[in-house]
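See structure below.
Every read-out reported here was derived from the displayed coordinates using simple, explicitly stated rules and does not represent laboratory data. Only a predicted model underlies this, so the values are computations on that prediction, with no experimental measurement involved. Every residue, glycine among them, receives a Cβ derived from its backbone with ideal geometry; neighbour counts consider all protein chains shown.
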Amino acid sequence: MAHCISAEAEKILDKEFPVLDKGFVRLVDYLGSDERVVQSARVSYGEGTKSYREDAGLIDYLLRNRHTSPFEQVALTFHVKMPIFVARQWVRHRTARLNEISGRYSVMKDDFYLPAAGDIAPQSSDNRQGRSEAALPPDQAEAFRSAFSAEQRRSYEEYSRLIASGLARELARINLPLSLYTEMYWQIDLHNLFHFLELRLGPHAQKEIRLYAEVLLDISRRVAPRCCESFERHVLGGVNFSKDELVEIKRRLSGGGESLLDDRALSRLEEKLK
């Protein structure tokens, strides 16, 4: 196989893309590109076609039919700075390799995430794990921001005092809040990156990690644009239906019969069809 170079990816290597108030994403390195996916697929499928259009068609075919191994031939390494609560969601995706800064070896920086006023909202009434789409009034939001900031300052001052007193770093850190920024090097193949993006770009993902996912996707487009285009068309822009939902869709298209779905299942189907 030929060594794959993406001119667009080369332009942004080590460039910081800001996220949130103090975070960032950097593309540190990459292995492979669209061409690597096509090359590895042709080992199985034969020489096949080689034009740009035909290569894109092959990538579409592979992605639609879940032939995932060619996408695993492409790997991206990112340097990411994020709040700890985002990192804890991030590492739920276990099919990656990472090294995170250690508070046992290093004194943690005085970097905390402070949400913008427009992102401070009450608990959602219909989503047990998320916030409402409507932000709080500005005066209430600012009051919460002040409370966050004061607690962060107090926490870091106490941490610094414990460090100065000679307490072990691994103990001094234990009361630091989830809003503290951490950093990691994160390497993942394209197939598993697409799975990460499918979940973390979804409407139920927390806004803060969605913002990171948007930057990751934009960077990935520089490395493998045709693969990302196919992913956006068939996965992000696509919908999966259950067996019962397909029966209901066929019933509607044929214009007859009685629905077999209960009210809740019908409601879920209507959401997908919007």
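Per-structure values
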| quantity | calculated |
| --- | --- |
| GluC sites (Glu not before Pro) restricted to region 228-260 and DSSP loop, no more than 16 other C-beta within 10 Å | 258 |
| For region 23-40, Karplus couplings with θ = phi - 60° (6.51, -1.76, 1.60), whole Hz, Gly/Pro x | x, 7, 10, 10, 7, 8, 6, 8, 10, x, 6, 3, 4, 5, 4, 5, 4, 5 |
| Sorted by Cβ density within 10 Å, fewest first, the residues 4, 228 | 4, 228 |
| Which of 95, 182, 68 has the fewest Cβ neighbours within 10 Å, and the rest in rising order | 95, 68, 182 |
| Size of electric dipole in region 126-236: Cβ of Lys, Arg +1 and of Asp, Glu -1, about Cα centre, debye, nearest 20 | 160 debye |
| Viscosity 0.890 mPa s, temperature 25 °C, Stokes-Einstein D of the chain from Kirkwood C-alpha radius, µm²/s | 112 µm²/s |
| Over 20 Å between alpha carbons, listed pairs 109/207; 15/81; 250/272; 250/274; 22/109 | 109/207 |
| Choice from 111, 126, 189 with maximal GNM fluctuation in the chain (Cα, 10 Å cutoff) | 126 |
| Exposure proxy ranking, count of Cβ atoms within 10 Å, fewest first, for 249, 59 | 249, 59 |
| Table column - 3J(HN,Hα) (Hz), region 164-172, Karplus curve with 6.51, -1.76, 1.60, x for Gly and Pro | 5, 7, x, 5, 4, 4, 5, 8, 4 |
